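So the structure is just underneath, and the comments pick up after that.
The values are calculated or read from the model by the stated rules, or taken from the named source; none is laboratory data. If you're wondering where the values come from, they're calculated on a predicted model, not measured in any experiment. We place every Cβ from the backbone using ideal geometry, glycine too, and count neighbours over all the protein chains shown.
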Amino acid sequence: MNEFKGIEELAERLTAILPPGLKSLRAELEDNFRAVLRANLERWDLVSRERFDVQAELLLRTQKRLKELEARLTALEKGRGEPAAGSRDP
């Protein structure tokens, strides 16, 4: 999973800076670092940059389409002699 690639790298970096006396526990500590990092990221409900960018692009396309539809609706309402959708009285 590409989202947690950074977790793997960070866990490896943390174990790389361990003092020499703890090198024998490297695998166990790396697993613990990885578990703590994953648990915190899941709790914070973070998403990957890639997923964020995809959603941002989708939002931009949706906003553009909404503006196009609003303009089309306004033109149709003008053609029928009706007030624009935004100017109707409740």
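What pairs come out if I take residues in the range 42-62 that are within 19 Å of Lys5 (Cβ to Cβ) and pair them with residues that are in a helix (DSSP H, G or I) and among the charged types (D, E, K, R) whose C-beta lies under 7 Å away, six or more apart or interchain?
What qualifies is Ser48/Glu3.
Looking at (1) surrounded by fewer than 12 Cβ atoms within 10 Å (Cβ to Cβ); (2) modelled with pLDDT under 80; (3) hydrophobic (A, V, I, L, M, F, W, C), find the lone condition where Ile7 falls short.
The one condition Ile7 does not meet is (1).
Looking only at the range 28-54, count every residue that is under 14 Å from the mean Cα position of the chain (by Cα) and of a type outside the set (Asp, Glu) and tell me the total.
Adding up the residues that qualify gives 9.
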